[in-house]
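Below: the structure, in structure tokens.
The values are calculated or read from the model by the stated rules, or taken from the named source; none is laboratory data. Fair warning: this is a prediction, and the values are worked out from it, not measured in the lab. Here Cβ is always computed from backbone atoms with ideal geometry, including for glycine, and neighbour counts include all displayed protein chains. Surface accessibility is based on the protein's heavy atoms, side chains included, excluding ligands, DNA and RNA. Shrake-Rupley method; radii C 1.70, N 1.55, O 1.52, S 1.80 Å.
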Amino acid sequence: MKFLALVCLLTVSSLANAASYDCTVTKKLDFENIYQPAQMEKYKFSARIHDSDKPKVDRCSIRPNDNKVTCDSYDIDRVEVDKHVGYRKFYLFRSQYDIQLFPDMKFVENNGRGGIAFGTCKLL
């Protein structure tokens with residue numbers, strides 16, 4: 001009985017710390033392009049951050065051929081929290097990707113290939 005109570009307590013505490021965020025890209029650029037408002041509307045770039053004991057990030061956009069949302073999902077290798085400002089940085093080492101979530105719900109995404117995106121998140 002004590003074991004079952006411990007398992008329940010650990011499960012509840014890990015769920016209490018889990019959060020997911022839906023992040024809409026409002027500005028996107030790379031070394032060749034500054035995406036124009038029409039492109040941003042057409043592709044609807046976004047990210048979903050799942051901050052849990054197994055963090056992941058889904059990067060999404062609209063496929064122009066069939067107008068459907070497509071997402072790539074990535075398991076995050078490491079999460080760091082800044083002690084002074086409080087932002088959270090999610091790292092994917094193999095592709096040099098990272099996304100930073102700030103306390104005011106703004107985010108910056110570095111795709112690891114010379115592109116960055118900015119926007120706002122909301123708690124899911």
For segment 52-102, take N as its residue count and report Rg(C-alpha) divided by 2.2 N^0.38 Å.
1.39
Once amide H atoms are placed 1.01 Å from N in the peptide plane, what residues at a sequence separation of 5 or more from Lys27, or on another chain, have their amide H within under 5 Å of its amide H?
Phe118
Mean Cβ-within-10 Å packing, highest first, puts peptides 71-79, 84-92, 54-62 in the order 54-62, 84-92, 71-79
In whole Hz and in residue order, list the ³J(HN,Hα) couplings for segment 102-111 that follow from phi through the Karplus curve 6.51 cos²θ - 1.76 cosθ + 1.60, θ = phi - 60°; x for Gly and Pro.
9, x, 7, 6, 7, 9, 10, 10, 10, 7
Read phi for every residue in segment 50-58 and hand back ³J(HN,Hα) as whole Hz from Karplus 6.51 cos²θ - 1.76 cosθ + 1.60, θ = phi - 60°, with x for Gly and Pro.
10, 9, 8, 5, 10, x, 8, 10, 10
Could you give the Stokes-Einstein D for the chain in µm² per second, using the C-alpha Kirkwood radius, 37 °C, 0.692 mPa s?
207 µm²/s
With point charges of +1 on the Cβ of Lys and Arg and -1 on the Cβ of Asp and Glu, referenced to the Cα centre of the chain, which listed residue (Ile116, Thr26, Val57) lies farthest in the positive direction of the dipole?
Val57
Which whole-number percentage describes the relative contact order of the chain, with Cα contacts under 8 Å and a sequence gap of 6 or more?
24 percent
Among 113-120, 30-37, the order from most to least packed when residues are scored by Cβ within 10 Å on average
113-120, 30-37
Computed over the chain, protein heavy atoms only, probe 1.4 angstrom, the accessible area per residue in square angstrom equals 68 Å²
How high is the relative contact order of segment 33-96, given as a whole-number percent (alpha carbon pairs under 8 Å, six or more residues apart)?
21 percent
Helix-only mean residue ellipticity at 222 nm for the chain, each DSSP H run of n ≥ 4 adding -39500 (n - 2.57), per residue, nearest 500:
-5500 deg cm²/dmol
Collect residues whose amide H, placed 1.01 Å from N in the peptide plane, falls under 5 Å from the amide H of Asp77; neighbours closer than 5 in sequence don't count.
Tyr91, Leu92, Phe93
